[in-house]
1. Go through segment 338-360 and give me each residue that's buried (at least 24 other Cβ atoms within 10 Å of the Cβ) and either at pLDDT below 95 or part of a helix (DSSP H, G or I) (or both).
2. Which helices (runs of 4 or more DSSP H) does segment 1-95 wholly contain that include 2 or more residues that are touching a helix residue (DSSP H, G or I) at 6+ places or on another chain (Cβ under 6 Å) and under 29 Å from T191 (Cα atoms)?
3. Within segment 22-31, take every residue that is in contact (Cβ under 8 Å) with a residue 40 or more places away in the chain and surrounded by fewer than 22 Cβ atoms within 10 Å (Cβ to Cβ) and give me the one that is farthest from the ligand (Cβ to nearest atom).
4. Quick check on R189: is it within 13 Å of the ligand (Cβ to nearest atom), open to solvent by less than 40 Å² (accessible area, probe 1.4 Å) and farther than 19 Å from I103 by Cα?
5. Test of understanding: among E89, E151, E118, which residue is of a type in the set (D, E, K, R), touching a residue at least 24 places away in the same chain (Cβ under 8 Å) and on the phi < 0 side of the Ramachandran plot?
6. Of the conditions (1) within 13 Å of the ligand (Cβ to nearest atom); (2) farther than 18 Å from R232 by Cα, L166 fails just one. Which one is it?
7. Only residues that are within 16 Å of the ligand (Cβ to nearest atom), under 28 Å from G192 (Cα atoms) and among the aliphatic types (A, V, I, L, M): list them for segment 59-92, please.
8. If the requirement is being open to solvent by 10 Å² or more (accessible area, probe 1.4 Å) and either among the acidic types (D, E) or on the phi > 0 side of the Ramachandran plot (or both), which of these qualifies: G260, G285, G278, G223?
Amino acid sequence: MADAAGWRERARRVLVGNDRGGYTVPSPGLYPFQWNWDSAVVALGWMTFDESRAWRELDRLFEGQWDSGLLPHIVFHVPADTYFPGPSEWGTSDRHQPPTSSISQPPLAATIVRMMSERALDAGLANRAVAQLLPKLLRWHRWWFRERDPEGTGLVVTFHPWESGLDNSPAWDAPLAAVPPTSRAYARRDTGFVDSARRPRQADYDRYVHLMDFFRQAGFDAGQIYAECPYRVADFGLNAILLRATEDLAELCRRHGESGAAEEMSAAADRSRRALAGLWSEKAGAYVSRDTRTGRSLEARTHSTFLAWYGRMAQSAEIDRRLLAGFNDWLARVPHGLPSTHPDAPGFEAQRYWRGPVWPHMNWLIAQGLAGAGHAAEAAALRHSTRSLIAHGGFREYFNPLTGEGYGGSDFSWTAAVALFWCAPEKIS
Ligand code: DGY
């Protein structure tokens, strides 16, 4: 993709090619359904050339919302046999149609809806779309606070590494080790599409499957799962994303005359901001996650720490300075940034999914935060690096930070979306 001329057109063609009727699959074959945080990013990509299709993406995502408010991480609109675990594995079809998974994913949607409404050329359409989405977003955020923070700590917990979006990050190694591996037979499909050296290990999958089965056996009962789940982690990254989204939701409520809901969300954001500050680790010089079953801090050095700026946390000038120095150090150590794990960390693997590779949408989120905090040069460095990875490697799922090679799914929707709204060259030359 060395020439800039066709860049945008090719990115649009990826989204159009992955459109399955109002929703976008992340990548044909490997991920044949609608994924939650993928669709949020992708909607912003559609916004650059088809506004009504962009809003439709979110409507279709919320078709998966449960009565409890849970917005699942996968919506199985139509059957496909190229993915494991599919709808029958999750066992949710008695509870919801279309069937879905029973877990969630980082809550980007409210922030994306705010961005979409601010970029909209068709203000009437945007107003109607936001008015319809607002109650659904509110139900989802209330679900996080009610079911995932029942003790009112200000931090929500994840019950499965897939909820963090950073599936096999070294940050989850210790809590996942406490989960028994499943003893039942199952057949992965992902390694039929992607080299197994670039996907999570079998030992990780054995535990992913155990957790999924545990949710079904618990009848998806929130209280029972909170009390008994062998994996329960307050993920710094997800909580930072939730903080930002809750503030954005409060702002959307204000603009739509929902002052009570706006105050409720602002108060929730304040609690979350205070609690997130407590995840700073002096030892790591970074924000870290916490295993809330053991109380242990999860000190693995992952790029999530740099979501602090995206979350708009109120941090001291001293912490800001240390975080920025850490960021520049990470970038300086590899030819292609930003690796998902620090290259000197024991869990770093340049090829393996969330253990080292660069993820374009994470670069965008981090750059958004950096720019908002006044760190324009660092934001520009991430944009430049992402652009050059995509230009040379194509619209791939993730990239090797040492070689720049593109890995994982091809024709990847959120990579194309990020190119469209963020890092494609400004001018077609
Ligand atoms: C996968 O199947 O790899 C997904 O990341 C889980 O949502």
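1. Correct list: Y353, W354, R355, P360.
2. Once the helices (runs of 4 or more DSSP H) in segment 1-95 are filtered for at least 2 residues that are touching a helix residue (DSSP H, G or I) at 6+ places or on another chain (Cβ under 6 Å) and under 29 Å from T191 (Cα atoms), what remains is 7-18, 36-46, 51-62.
3. In this case the residue turns out to be P28.
4. For R189, the condition - within 13 Å of the ligand (Cβ to nearest atom), open to solvent by less than 40 Å² (accessible area, probe 1.4 Å) and farther than 19 Å from I103 by Cα - is not met.
5. Testing whether each residue is of a type in the set (D, E, K, R), touching a residue at least 24 places away in the same chain (Cβ under 8 Å) and on the phi < 0 side of the Ramachandran plot leaves just E89.
6. All conditions are met except number (2).
7. L61, I74, V75, A80, listed by residue number.
8. G285
The values are calculated or read from the model by the stated rules, or taken from the named source; none is laboratory data. Nothing here was measured: the structure is a model prediction, and the numbers come from that model. Heads up, the Cβs are rebuilt from the backbone with ideal geometry, glycines too, and the neighbour counts pull from every protein chain shown. What goes into the accessible areas is simple: the full protein's heavy atoms, side chains included, and nothing from ligands, DNA or RNA. Shrake-Rupley method; radii C 1.70, N 1.55, O 1.52, S 1.80 Å.
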